[in-house]
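The values are calculated or read from the model by the stated rules, or taken from the named source; none is laboratory data. Quick caveat: nothing in here was measured; it's all calculated off a predicted structure. FYI the Cβ positions are ideal-geometry reconstructions off the backbone, even for glycines, and counts take in every protein chain you see. Quick note on the areas: whole protein, heavy atoms, side chains included, nothing else; ligands and nucleic acids left out. Shrake-Rupley method; radii C 1.70, N 1.55, O 1.52, S 1.80 Å.
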Amino acid sequence: MKNRYIFLFILFSNFSFSQCLVTTGADLVSCPDDSIFMGGNLTTSGFTPPLTYAWETHRQWVIGSHTFNYFASDFLDDTTSANPKLISQEEGVLNFKLTVTDVNGLSCSDSIGVHFSNFMYTLADAWNYYITEGDSIWLNGFQNIAGTVPPFQYVWKPSTGLSDSTSLGFWAKPKVTTLYKLQITDSLGCSATGNGSYRVHVNPLSVDEN
C-alpha cells in the first residue's frame, strides 16, 4: 500500500496544466474610407501550431415589428483569419470576440472594440449670398455635414477673408466670389469635408473712366 501512494505522487507531480494567452490589442477607430484590419496587434502564447481563428460578434436592430440580426460575417471579410478586414461601417461601438484554438484543442479568447465614426451629409446646395466688393457679411447657422462623436473641431476652407475660420459663425469679406466648405474633426480624430455650405458672390465696384 505504501508503494502505491509513492507511485501516485510521482504520477501527479509530473502532470502540468497547459495555459494559453490571447491578446488582441487596444480598441480600434474606424473612420470613413479607412482600411481597418482586425488583430493587427495580436499576440498568442502557450499554443501548439497550427492555430485556427474564429471571430464573433452580434448586433441587433429593431425597426418597428422587424428584427435584424448581424454577425461577424456581415462586418469581416473572413471570420477565420487572424487579420480579417473590416468591410462594413456601423454606429457606436461594436465588440468582437476572437477565439484561438491549437492542434491539441486548447482554446483561449480575447475581445476588441471598434469605435465607428460616421459623418452625415445633407443634400442641400450651398446657400448663396451677394455682396459688393469691400463689404462683409455675417455667416452662421448652416452646415451640411455633421460628425457622430463630439466634441467637434471646425475649419472653414478656404480661410481667405474670414474673421474666424474655426467657428460656426464668422464674418466673411472675400475679394472674389468664394465657396466656403466646412471640415469637421470629431473626438476620435476622424474628419470629413462637406461639399460647400456658403457661396459668397462678390459684385465688383464699377469704375467710371474719363
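To make sure I understand the rule: partners must be lysines, Cα under 29 Å from the Cα of Lys97, and not fewer than 8 residues away in the same chain. Which ones qualify?
Candidates past the 8-residue exclusion: Lys85.
Give, in whole angstrom and from largest to smallest, the semi-axes √(5λ) of the equivalent ellipsoid of the stretch 42-111, with λ running over the eigenvalues of the Cα gyration tensor.
29, 12, 10
Taking each pair of distinct Cα atoms in the stretch 107-210 once, what is the resulting Kirkwood hydrodynamic radius in Å?
Result for the stretch 107-210 stands at 15.6 Å.
For Glu91 and Ala54, FRET efficiency with R0 = 22 Å and r from the beta-carbon atoms, rounded to 0.05?
FRET efficiency, Ala54 to Glu91: 0.35.
Relative to the longest principal axis of the chain, what angle (0 to 90°, nearest 10) does the C-alpha long axis of helix 2-13 take?
20 degrees
Rolling a 1.4 angstrom probe over the protein chains, ignoring ligands and nucleic acids, what is the accessible area of Thr52 in square angstrom, nearest 10?
About 80 Å², ignoring ligands and nucleic acids.
Quick check: pseudo-label points 7 Å beyond the Cα along Cα→Cβ at Leu188 and Asn83, how many nm apart are they?
Taking the simple label geometry, Leu188 and Asn83 are separated by 2.2 nm.
What figure, in Å² to the nearest 10, do you get for the accessible area of Trp138 with a 1.4 Å probe and non-protein molecules left out?
130 Å²
Within the accessible area of the chain, what % is carbon and sulfur when the probe is 1.4 Å and the other protein chains stay in place?
The nonpolar share, carbon plus sulfur, comes to 54 percent.
Pick from Val114, Val100, Val176 the residue whose mean-square fluctuation is largest in a GNM of the chain, springs joining Cα atoms under 10 Å.
It is Val176.
If the cut-off is a Cα-Cα distance under 20 Å, which lysines reach Lys157, setting aside same-chain residues fewer than 8 apart in sequence?
Filter leaves Lys173, Lys175, Lys181.
Given 5 Å bins starting at zero, what is the percent of C-alpha pairs of the chain in each, up to the one with the largest pair distance?
Percent of Cα pairs in each bin: 1, 6, 11, 11, 10, 9, 8, 8, 7, 6, 5, 4, 3, 3, 2, 1, 1, 1, 1, 1, 0, 0, 0, 0, 0, 0.
Please calculate the 1.4 Å probe accessible area of Tyr130, with all protein chains present, and give it to the nearest 10 Å².
150 Å²
Which value, in Å², gives the accessible area per residue of the chain when a 1.4 Å probe is used on the protein heavy atoms?
63 Å²
Cα gyration tensor of the stretch 139-187, axes a ≥ b ≥ c as square roots of the eigenvalues: rounded (a/c below 1.5), prolate (a/b > b/c) or oblate?
Prolate is the answer for the stretch 139-187, as a/c is 1.5 or above and a/b outweighs b/c.
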